[in-house]
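Where a number appears in this text, it was derived from the coordinates with a stated rule and is not lab data. What you are looking at is a predicted structure, and each value in this text was computed from that prediction instead of being measured. FYI the Cβ positions are ideal-geometry reconstructions off the backbone, even for glycines, and counts take in every protein chain you see.
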């Protein structure tokens, strides 16, 4: 099986410098254009189905891909981003630093869980289960449109490759699964991970 693991395009929270996570925002004009360029890169890759996070930015990316690739699609709740920011979700970072300096410090490490946030262990279990489910179907080539948190978790906890330093908008990770996952191609990642 071949898997195209994809991050959504640039979103409004990116340019407004907000804490994203579970914040539901749209793609920017640049994000829409990035998604169109991503679709062109995936033409003729044989993608049979696109699985997408339910967050608007991922759905908008997936819709552009689906139209260009002319394939099935399905929204998967467990592909959503981790709510790692609790009360900070959707807040402009400068404002959050003034109001909640301790929480701003706490969320800098992915393993911490602040009030109202999803525990890292629960998030990890969710991501492991959803990837196992999506990659055990009958399709030979699939695309998964999700977020930075799930992709980083997948690299850290499933592939055991360590941390991704920078994960770009519309990043592509092409994997092959034949028992284990093997990375075939990566675009849009500057990484400390052992790829």
* Taking the chain as the reference, fit the longest principal axis to its C-alpha atoms, fit the long axis of helix 56-69 to the helix C-alpha atoms, and give the angle between the two in degrees, 0 to 90, nearest 10. => 10 degrees
* What percent does the relative contact order of region 118-185 come to when contacts are Cα pairs within less than 8 Å and at least six residues apart? -> 21 percent
* Restricting to the chain, compute how many DSSP beta bridges are antiparallel as a %, nearest 5. => 55 percent
* Structure fact -> Mean-square fluctuation maximum in Gaussian network of the chain, Cα pairs under 10 Å, restricted to 154, 123, 109, hits 109
* Asked: Which whole-number percentage describes the relative contact order of the chain, with Cα contacts under 8 Å and a sequence gap of 6 or more?
  -> 31 percent
* To do: Could you tell me how many degrees, from 0 to 90 and to the nearest 10, lie between the Cα long axis of helix 29-42 and the main elongation axis, the longest principal axis, of the Cα atoms of the chain?
  => 30 degrees
* Net lengthening on full extension, residue 33/residue 108 (0.36 nm per residue, minus Cα-Cα) -> 24.0 nm
* **For region 2-31 and region 58-78, distance of Cα centres in Å** => 15 Å
* Asked: So what is the diffusion coefficient of region 36-124 in µm² per second by Stokes-Einstein at 4 °C and 1.567 mPa s, using a Kirkwood Rh over Cα pairs?
  -> 85 µm²/s
* Return a whole-number percent for the relative contact order of region 57-164, with Cα pairs under 8 Å and 6 or more residues apart as the contact set. => 32 percent
* Asked: For region 91-106, list residues with backbone N below 14 Å from a point placed 7 Å from the Cα of residue 115 toward its Cβ?
  -> 100-104
* Would you calculate the volume per residue, in Å³, of the smallest convex hull containing every Cα atom of region 135-188? => 89 Å³
* **For Cα extents along the principal axes in Å, calculated from these coordinates, the label among [x] 61, 53, 29; [y] 49, 36, 28; [z] 69, 35, 30** => [y]
* Estimated distance in nm for a label pair at residue 41 and residue 128, the labels positioned 7 Å out from Cα along Cα-to-Cβ -> 3.0 nm
